[in-house]
Amino acid sequence: MYDPTNPRVHADILPALAAVEAPTNKILAIGSVTAKGTPEAIAPVLPFEVRATVRNYLAGHIDQWFFQADGYGVVFIMNATSSEEAHAILEKLPLGVAGMMTFELIPLSPLKPLALLIGEPAKA
């Protein structure tokens, strides 16, 4: 569905893309430190956060992880089929439990415009 408040949506091509089915198979999770997340508050929690993040990586929940080069927070590419699934995983991380980090979750799917380029019919 077209959401005029989402600058990532291109309304002029959306009707054609809406007919193409593509499952969500990854979630882009952009972490931001909250006001509670001062350096002094984060420091004692960070070792627990790192261990919990590594456990999620080893369990296959986190596929890739990055640090924001121009900000202060992490970016994960997660193996999840919904934002709800990713949120359930991320809210259990120590910084999330402490209210020091929140995530913007963006569902990702295979590149839908490719179906239009190869003339794939829309699935009913």
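No lab work stands behind these numbers, since they all come straight from the coordinates. Just so it is clear, the model here is predicted, and its values are computed rather than measured. Cβ placement follows ideal geometry from the backbone for every residue including glycine, while neighbour counts extend to all protein chains displayed.
Before moving on, here are some points about what is shown:
- Residue 109-residue 41 FRET efficiency (beta carbon distance; Förster radius 25 Å; 0.05 resolution): 0.10
- Taking Cβ atoms as reference points and 10 Å as the exclusive limit, the residues near residue 105 contribute a net charge of -3, counting Lys and Arg as +1 and Asp and Glu as -1.
- Site pair residue 55 and residue 72 shows an inter-label distance of 2.7 nm when each label is modelled 7 Å from Cα along Cα→Cβ.
- FRET efficiency, residue 34 to residue 81 (Cβ-Cβ, R0 35 Å, nearest 0.05): 0.80
- Rounded to whole numbers, the Karplus 3J(HN,Hα) couplings from phi for segment 68-75 are 5, 5, 10, x, 9, x, 10, 10 Hz, using 6.51 cos²θ - 1.76 cosθ + 1.60 with θ = phi - 60°, and x at Gly and Pro.
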